[in-house]
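J.: Just passing along the structure, written as structure tokens.
The values are calculated or read from the model by the stated rules, or taken from the named source; none is laboratory data. What you see is a predicted model; the values in this text were computed from it and never measured. Counting neighbours? That spans all protein chains shown, and the Cβs are built from the backbone with ideal geometry, glycine included.
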Amino acid sequence: MQRRRLADSRVKFRHLQCFLAVAQFGSVQKAAESLSITQPAVSKTVAELEAVLGVKLFERGRRGAVPTREGLLFMPHASACVSALRQGVDLLARDGNTTTATVDIGVLPTVAPSLVPAALRVFAAHWPHVIVRLATAANAELLERLKSGAIAFAVGRLADPERMVGLSFEQLYSEPLLAVVRAGHPLVQRADLHAALDRFTIVLPPYGTLIRQAADNLLKTWGVPPLSSFVEMLSVSVARLLALQNDAVWFAPAGAVEYDLEQGTLVRLPMPHAGSEEPVGLIQRTDAEPSPVARALIDAVRHVARERAASLSTRAARSTPGRTAKPARKTASRRNPAKAAATGETGRARTRR
């Protein structure tokens, strides 16, 4: 008992910060870069923590720094401590006029364009003095950042069960994958699209992602022969330029191209996309509660997502012959989203597998 109290008193915030950074990046060098300190400083700090705890937290080798069994056991508790401290700072920020709160979030780059601007607009109306740090990355990286405590929550896609351990997934909406080109593209007037696709650059999501699987399935459904060349990327800005300047055919989720479709700069190829819908959801840790600032931002995301889900449902109904659009559900009217964002009221739905 005395040894435990001694260890508790010697563990400092910098120990936890360095430990979580190494666990997140799997590299002492990358952890040092993320913390803006030197590599020897990170190594020394982690060694101090291992000495205090009396256990080895990482195995170091060719694969980088891999958490040991003890490291994995310690990780959620270290993350919870860091999260709790941030919550305390956020509470002071809410009560004081001179303090600025900070919230870190992660969003898929293909989802961010249709969700983040509107969500931040709702959020800023009630939390004007907050620094929001947005990270866009592949789904797997977002999940790792969330588990390590680097971000408060993520907006992404449901992953395999082993990747979702310790995480909850609340579906916000589903959106289809579209094939888009610039306005006036030669393919727009072609009747034999499947035969002419390989004459142009094809931009696909990276291999291994859920939306890449959807793209591959669509190509098979359309009877497109195996592609001899293509470009893989998640970058919305670069893919957009390839479509506008290089006559590329871009396979992208509807939200990533929504603005350009409305403006007429990009047009959708008349190819069926039924069955390509993939769910987008709010992902949180099950062992930590979000801070008041994060809760308010989560509610803003939910509010915008409800409106987007209703919009997607209406568009789908209009594009399907013989269907009548169903009236939007009144869940948003039962609860004032502005009040929820201001008070931090929220609920959480967990994945049921």
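J.: Need at least 3 residues that are assigned by TED's automatic domain parsing to the domain that holds Asp160 per element, so show me which strands (runs of 3 or more DSSP E) inside region 216-314 make the cut, counting only ones lying wholly within it.
T.: Of the strands (runs of 3 or more DSSP E) lying wholly inside region 216-314, those with at least 3 residues that are assigned by TED's automatic domain parsing to the domain that holds Asp160 span 278-285.
J.: Inspect all residues belonging to region 131-138 and state whether any of them is without any contact (Cβ under 8 Å) to a residue 12 or more places away in the chain, farther than 25 Å from Val249 by Cα and not acidic (Asp, Glu).
T.: no
J.: Can you tell me which residues in region 29-66 are out of contact with any Gly (no Cβ under 9 Å at 6 or more places or on another chain) and outside any helix (DSSP H, G or I)?
T.: Selection gives Ser36, Ile37, Thr38, Gly54, Arg60, Gly61, Arg62.
J.: Let me ask something additional. Can you find a residue that is at pLDDT below 95, farther than 14 Å from Val293 by Cβ and buried (at least 19 other Cβ atoms within 10 Å of the Cβ) anywhere in region 101-110?
T.: Within region 101-110 (the criterion being at pLDDT below 95, farther than 14 Å from Val293 by Cβ and buried (at least 19 other Cβ atoms within 10 Å of the Cβ)), the answer is yes, since at least one residue qualifies.
J.: Cβ-Cβ under 8 Å, sequence separation 6+ or interchain: first residue in region 192-205 and in contact (Cβ under 8 Å) with a residue 60 or more places away in the chain, partner surrounded by fewer than 16 Cβ atoms within 10 Å (Cβ to Cβ) and in a strand (DSSP E or B). Which pairs?
T.: Note: pairs meeting the criteria are Pro205/Glu232.
J.: Hey, another quick one. Given (1) in a helix (DSSP H, G or I); (2) over 26 Å from the mean Cα position of the chain (by Cα), where does Leu146 come up short, assuming only one miss?
T.: Tallying (1) in a helix (DSSP H, G or I); (2) over 26 Å from the mean Cα position of the chain (by Cα), Leu146 fails exactly one: (2).
J.: Scan region 199-214 residue by residue and report those that are part of a helix (DSSP H, G or I) and either under 14 Å from Val181 (Cβ atoms) or basic (Lys, Arg) (or both).
T.: Arg199, Arg212
J.: Would you confirm whether any residue within region 208-218 is surrounded by 13 or more Cβ atoms within 10 Å (Cβ to Cβ), more than 18 Å from Ala256 (Cβ to Cβ) and basic (Lys, Arg)?
T.: No; the residues of region 208-218 include none that is surrounded by 13 or more Cβ atoms within 10 Å (Cβ to Cβ), more than 18 Å from Ala256 (Cβ to Cβ) and basic (Lys, Arg).
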